[in-house]
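The values are calculated or read from the model by the stated rules, or taken from the named source; none is laboratory data. Source: prediction; values computed, not measured. All Cβ positions, even for glycine, are placed from backbone atoms using ideal geometry, and neighbour counts span all protein chains on display.
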Amino acid sequence: MSTTGILEITQFLTFRLDSEVFAIDISKVREVLDFTTITKVPRMPDFMRGVINLRGSVVPVVDLRLKFGLPKTEKTLNTCIIIVEAAVDDETTILGALADSVQEVMDLEPENIEPAPKIGVRLNTEFIKGMGKREGKFIILLDIDKVFSTGELALVQTTLDEMPAGK
């Protein structure tokens, strides 16, 4: 039995960042958008690329490549924005996550999911829910609720709250 806490077949949306495949539990994904214009917001952390207008709502967009220490996402034909729901401190925050490309929605059985690797005390891997195995390759399963710290999301929310209405 898996030790990741995933006890039943779970569906994941897989996507690519650089040469690695990542996945998010499909229940956390609202939709996938084609790349669109992102409005830069001053005083945001580097990984916060700005905001988009999603049917009248202001949605912050994060660059997961920058968050994970990779080079900035460059716009290509396949670049997309995954709209996710992240729960932080009992509140749901809607975010856009830049991805190089979206792959597929796939089922993963618990026996094909290994616990997140323990890489010493200096490297934080708590945002990795586990490592999926498929066709001899690993898929990094993200816990989107833990990818961003409470402080990071609070900074984003405060900055968005300070933006003039209608922008």
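Just to be sure before I move on: is Ile24 in contact (Cβ under 8 Å) with a residue 60 or more places away in the chain, among the aliphatic types (A, V, I, L, M) and surrounded by fewer than 17 Cβ atoms within 10 Å (Cβ to Cβ) in the structure I sent? Steps first, answer last, please.
Values: in contact (Cβ under 8 Å) with a residue 60 or more places away in the chain: yes; among the aliphatic types (A, V, I, L, M): yes; surrounded by fewer than 17 Cβ atoms within 10 Å (Cβ to Cβ): no.
The answer is no for Ile24.
Residues to consider are Val88, Val58; find the one that is out of contact with any Phe, Trp or Tyr (no Cβ under 9 Å at 6 or more places or on another chain) and surrounded by 14 or more Cβ atoms within 10 Å (Cβ to Cβ). Talk me through it step by step, then tell me what you get.
Details: Val88 fails: out of contact with any Phe, Trp or Tyr (no Cβ under 9 Å at 6 or more places or on another chain).
When all the criteria are applied, what remains is Val58.
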- prompt: Where residues in segment 1-43 are over 17 Å from Ile113 (Cα atoms) and out of contact with any strand residue (DSSP E or B) (no Cβ under 7 Å at 6 or more places or on another chain), which of them is modelled with the lowest pLDDT?
  reply: Arg43
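Looking only at segment 69-84, count every residue that is among the β-branched types (Val, Ile, Thr) and part of a loop (DSSP other than H, G, I, E, B) and tell me the total.
Residues of segment 69-84 that are among the β-branched types (Val, Ile, Thr), as a first pass: 73, 76, 79, 81-84.
After this cut, where a residue has to be part of a loop (DSSP other than H, G, I, E, B) as well, the list is 73, 76, 79.
Residues that pass the stated criteria total 3.
Criterion first (free of Cβ contacts under 8 Å to residues at least 12 places away in the same chain, in contact with a helix residue (DSSP H, G or I) (Cβ under 9 Å, 6 or more places away or on another chain) and either within 19 Å of Phe127 (Cα to Cα) or of a type outside the set (Asp, Glu) (or both)) does Lys72 satisfy it?
yes
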